[in-house]
Amino acid sequence: MTASLFSKKLIVIAFLGLLKVICTSALNQDDGELRFNENTMIMSHNSAANKASAEGNFFKLFGSDQENSMYEQLTANGVRGLSLDIKLDYSNRSKLRLVHGPIDYDDFETEMQTHLVRFLEENDAVVAINFEVVDADQAIISTILANLKNAFSNLYVNGVSLAHMTFKYDSELWANHDEWPTLDEMRSSGQRLFVFHDRYELRSTEYGFMYRDDAMKENFWEGLDDCTARYQWDADKVSFPNSNLSWSRLFFMNHFDSIVGTVGEGLLGGGINGWGSLYPRVKQCMESNGFIKPNFISLDWVIQAEEALEVANYLNFGGRIGSGQRCLDDEHCATEACNTMLGLCQCKECLAVDSESCLGCEAEQYCASVENSLNECFDSTNSATSSSPVKEPTVLPSTNPTVMPMEATVSPTSTSNTTTPSPSTYSTSDKLPTTAKNTTTLAPTAAPSIQTPTEIQSHANIANVKDRDGFENSASAIFETLLGKKIVLIISILGQVLLF
């Protein structure tokens, strides 16, 4: 690489680092007017299985899919959903345990008090929980339901029990709604905690426990190469028992793999949680599921989910597709355009007349090449050069309620408690994004970019194969990559047997 080219690359990377700070405020939008089926939130997978709660325990570290505590996931990492595996505590059958496979991660009620309740007391966010029950045969499922009810009755947020905060689709509040309420309506009603589960026996309209097959569709969780059905793939409407509601069915999207491809600096396309991997997968899933955008995106290692938050923000409000990630060819970029000379994703060249579909630019802009630099976005109305290769997101109005940003846009919403349904399906035509408000106050996030050395150092506690966090991180990464999580869990079981 020549000296001049090296200097230009440093300038580009430095600018992208500065842009991260500028774009943070643009991500903190008000989502209150979005209906629940129009909103996309990031959910942490196996939220309780985190290194913060492992406290150095070898097996808990091996079983972890997250770095931070659940409270930090909700605050510092910007998630609004928790995925939790629960099982009966056989030493005290009135209690439940949080687990990941055979590995125990403490008492359910205690952990909910410490992390979820604290967060709900400090924030008015709408939050979702997705439970999966482990090792529960028909004989004990009723005991698990009773324990869940007791826990939600015993836990209080500013004097209100969790049982009174759960969303109840059969409430009189929503009797005149032909579609899911808006997030502001949920906040005003106090019903801002969604609870889904994987066992039909746990249904409870009184407590707001919703069987996931009644409300959602989900893709199979293993692998990233395709996006296939796990359940209810072809259903478009909810199917609540003893209910005439025809609300849009929600989409729960799984998107996770090994830590090696998720955590670290300079990952191609930003890594598994980055624009280059996540956004194309969103499109792939939508093309397969009837063009329903994800309402929940379940991720591992949300400590490195800044770009995933940007993707969710883009799906909610439009703007531009992220660029600036490391790449070797076009397939690593959400914009489908890699500057191989600089090794960075850039906007995709297109003519001014095609400005609505310029990937990586804002609406009303087109993308053109610049010698020895990243492509730039230009204003199509007066041909003025944009101020930077990558610009902060801009929300622009749309007259088409059925398309996602660029390739499918969020539908418009209403601020009233009307019964007018808002479409939640999308087409693949390239259109402008919708203007909408955002419900979630995101934790400080970053525009897509290559991390600077200072930023990389600030993540010194993140696990990766460079062993920056000690033996347990490198060992976990290597085992997970070579053998897979199932083998790791088997090893964990054998180890426990040998120890005890």
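Here are the numbers:
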| read-out | value |
| --- | --- |
| For the range 259-325, convex hull volume per residue from C-alpha positions, Å³ | 87 Å³ |
| Beta bridges per DSSP with both ends in the range 90-245, % antiparallel, nearest 5 | 45 percent |
| Förster-model FRET efficiency, 45 Å R0, SER369 and ASP226, C-beta, rounded to 0.05 | 0.85 |
| Residues SER239 and SER153, FRET efficiency given R0 of 30 Å [Cβ-Cβ distance, rounded to 0.05] | 0.60 |
| Sequence-separation-based contact order of the range 160-264, relative, with Cα cut under 8 Å and 6+ spacing, percent | 23 percent |
| Added length on full extension, which subtracts the Cα-Cα distance from 0.36 nm per residue, ASP135 to ASN57 | 25.8 nm |
| For THR166, net neighbour charge (Lys/Arg +1, Asp/Glu -1) across residues whose Cβ lies under 13 Å away | +2 |
| Taking the C-alpha atoms of the range 76-230, convex hull volume expressed per residue in Å³ | 144 Å³ |
| Antiparallel bridges, percent of DSSP beta bridges restricted to the range 190-347 (to nearest 5) | 40 percent |
| Measure of compaction for the range 227-292 (Cα Rg per 2.2 N^0.38 Å) | 1.45 |
| Stretchable slack from TYR90 to THR205, in nm (0.36 nm times residue separation minus alpha-carbon distance) | 38.7 nm |
| Kirkwood Rh in Å, taken over the range 304-354 so that all alpha-carbon pairs contribute | 11.8 Å |
| Cβ-derived FRET efficiency at R0 41 Å, ASP30 paired with THR340, nearest 0.05 | 0.55 |
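Read the figures in this text as sums done on the coordinates, not as results from a lab. Note that the structure is predicted; figures quoted are calculated from it, not measured. We place every Cβ from the backbone using ideal geometry, glycine too, and count neighbours over all the protein chains shown.
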